[in-house]
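Undergrad: For reference, the structure I am asking about is given below.
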Amino acid sequence: MTNRDRAVDTAQRSAFFTADGNQFVPAPIARGPWGQTISGNYLGGLLGHVLERDAGEPGLQPARLTVDLFRPAALAPVRVDTSVARQGRRLKLVDAVVTQEDTVVARASGLFLRRGEQPADEIWTSPVTMPPIPPTPDPIPRGLTTLVWTYGKEDHTPGPGFGLSAWEHSGPKYIWVRDIRPLVDGEPLTAFTRAAMAGDMASSLTHYGPSGLQFINADYTLTLSRLPEGPYLGLAALTHYSHAGVATGVATMVDEFGPIGSAAATALSNPGFNPPHP
């Protein structure tokens, strides 16, 4: 283990959730930027974690995760229940529901596809050029829950904990993320769970403008051709379209070896973004 990896291990002081029977209890660090509620990326990550736990099989690729965030989830215990909607030889479709005191606050659908032979054809896709992978600081700055580097404005110096001001312009936007804490206490942070958390970030990335973030996402969909490799995940904003307070945005997801999928988010006009202080 390198000194840098030891620094990351040292930073893993606490998890975002603790399992308690059939519930998950959020820690204060799971708070999102829209008030005293669980952040969408941690709730989406929890849905991905449970879907993979209950439905994952060797040879099946988690290929699509759709998360509906239709009610604020309070910083209180949540329960996640899953059910198989369709299972065949080459696919498995699984649903998940998040409840708080018998009230449904979110739901998800996960599609698992059987891996097989890759066709030899080269098929055109939009090229994406990401900023270089940033170095992991040693030591990890105290108080950070996730290492996030944002890129956009040319006069912005990226660094973990530097905020999102780099996106306050009308040009291209990018993000690199490295998770340093477990999502659920005592559970390994899998590649799919990391991707599920990062998928929610497509909303703020694609909907951020010169005046900040004025849209709150109602859902997001993550698609993956393969699982990410290595500790870093990146997103490159591709599109943003909005009219009459309704927005949609798409980003390409990459790991340190190249593009692996995409993330799309729909959102509603909702000024008042206020990230919690570490």
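The values are calculated or read from the model by the stated rules, or taken from the named source; none is laboratory data. All values reported here derive from a predicted model rather than from experimental measurement. When we count neighbours, we look across all protein chains shown, and the Cβ atoms used for this are built from the backbone with ideal geometry, even at glycine. Only protein heavy atoms, including side chains, enter the accessible area calculation; ligands, DNA and RNA are left aside. Shrake-Rupley method; radii C 1.70, N 1.55, O 1.52, S 1.80 Å.
Undergrad: Accessible area per residue, 1.4 Å probe, Å², for region 227-278: what's the number?
TA: Working: 2570 Å² over 52 residues.
Heavy-atom SASA per residue in region 227-278 reads 50 Å².
Undergrad: Now, a different point. By its C-alpha gyration tensor, with a ≥ b ≥ c as the square roots of the eigenvalues, how is region 115-173 shaped: rounded for a/c under 1.5, else prolate for a/b larger than b/c, else oblate? Before the final figure, lay out the partial values.
TA: Numbers: a/c = 3.33, a/b = 1.67, b/c = 2.00.
It comes out oblate by the Cα gyration axes.
Undergrad: Determine the shape class of region 79-147: with a ≥ b ≥ c the square roots of the Cα gyration tensor eigenvalues, call it rounded for a/c under 1.5, and otherwise prolate if a/b is greater than b/c, oblate otherwise.
TA: Details: a/c = 2.92, a/b = 1.09, b/c = 2.69.
Verdict is oblate for region 79-147.
Undergrad: Under a point spin-label approximation (7 Å from Cα along Cα-to-Cβ), what is the residue 103-residue 165 distance to one decimal in nm?
TA: Label-label distance for residue 103 and residue 165, simple model: 3.7 nm.
Undergrad: Can I ask one more? Any chance you could get the radius of gyration and Dmax over the Cα atoms of region 8-105, in Å?
TA: Radius of gyration, then largest Cα-Cα span, for region 8-105: 14.6, 44 Å.
Undergrad: What is the chain's relative contact order, in percent, from Cα pairs under 8 angstrom and six or more apart in sequence?
TA: On the way: 634 pairs, mean separation 55.7, N = 278.
Once normalised by length, the contact order is 20 percent.
Undergrad: Rounded to the nearest 5, what % of DSSP beta bridges with both residues in region 73-202 are antiparallel? Present the calculation step by step, with values, prior to reporting the outcome.
TA: Details: 24 of 24 bridges.
About 100 percent, rounded to the nearest 5.
Undergrad: For region 158-226, what is Rg from Cα atoms divided by 2.2 N^0.38 Å, rounded to two decimals?
TA: Numbers: Rg = 13.9 Å, N = 69, 2.2 N^0.38 = 11.0 Å.
Taking the Cα Rg and dividing by 2.2 N^0.38 Å, one obtains 1.26.
Undergrad: Counting only protein heavy atoms and a 1.4 Å probe, tell me what percentage of region 168-278's accessible area is made up of carbon and sulfur. Numbers along the way, then the final one.
TA: Details: 2470 of 4480 Å².
Carbon and sulfur together cover 55 percent of it.
Undergrad: In terms of the Cα gyration tensor, with a ≥ b ≥ c the square roots of its eigenvalues, is the chain rounded because a/c is under 1.5, prolate because a/b exceeds b/c, or oblate?
TA: Working: a/c = 1.21, a/b = 1.11, b/c = 1.09.
Since a/c stays below 1.5, the shape of the chain is classed as rounded.
Undergrad: Taking 45 Å as R0, compute the FRET efficiency from the Cβ-Cβ separation of residue 27 and residue 124 and round it to 0.05. Write down the numbers at each step before the final one.
TA: Values: r = 45 Å, r/R0 = 0.99.
With a Förster radius of 45 Å, E is 0.50.
Undergrad: What residues qualify as long-range amide H neighbours of residue 69, i.e. H under 5 Å apart, gap of 5 or more or another chain, H built at 1.01 Å from N?
TA: 219, 220
Undergrad: At R0 = 30 Å, how high is the FRET efficiency between residue 239 and residue 95 if r is their beta carbon distance? Nearest 0.05 is fine. Before the final figure, lay out the partial values.
TA: On the way: r = 28 Å, r/R0 = 0.94.
Working from the Cβ atoms, E equals 0.60.
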